[in-house]
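What follows is one structure encoded as structure tokens, with my remarks underneath.
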Amino acid sequence: MDGDDRAAAVPAPARLKIAGAWTGVLDVRLDSWTLPMLRAEVARRSGGADPACVNLICGGKVLRDAGGGGGGDASLLQLGVKNNAKVLATCVSADRGKALNDEAAAESARPPPKPSNPRSSTESGDSSLPPNLRVI
């Protein structure tokens, strides 16, 4: 009976369906696996990418390490990942991410474009319409 009690106490591994940078199914223990562990496994299976460049999205939420400092002590269960969850994995190079951030910052600092034709087409002085169609 001890074998049955032990089997009942240890939960079965959960299945995560991964798509994106690597496509497949992972069997993980949601209560013991952390986000850095999952990120490293996806990076390893996707061809040896840097785990810091792997982004994971599950249930419409971007999965981030607890506190943003890279501590990552929260389990996947605490982050809201459930059995049979679908996870989107993307790999972004550090250089490309920096270039995108720089481009977004430059675009937000740029003043909005001025209209090319300040006159409205509904003004009575618009000579581009025939005389019988001009709005007065």
Residues whose modelled amide H sits under 5 Å from the amide H of LEU63, counting only those 5 or more places away in sequence or on another chain, are LEU56, ILE57, CYS58
Counting alpha carbon pairs within less than 8 Å and at least 6 residues apart, what relative contact order, in whole percent, applies to segment 14-91?
44 percent
For segment 14-91, what % of the accessible area comes from carbon and sulfur atoms, probe 1.4 Å?
51 percent
Solvent-accessible ranking of LYS86, LYS61, largest area first, probe 1.4 Å:
LYS86, LYS61
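The values are calculated or read from the model by the stated rules, or taken from the named source; none is laboratory data. Quick caveat, the model's predicted, so the values are computed rather than measured. Remember, those area values only see protein heavy atoms, side chains included, never the ligands or the DNA or RNA. Shrake-Rupley method; radii C 1.70, N 1.55, O 1.52, S 1.80 Å.
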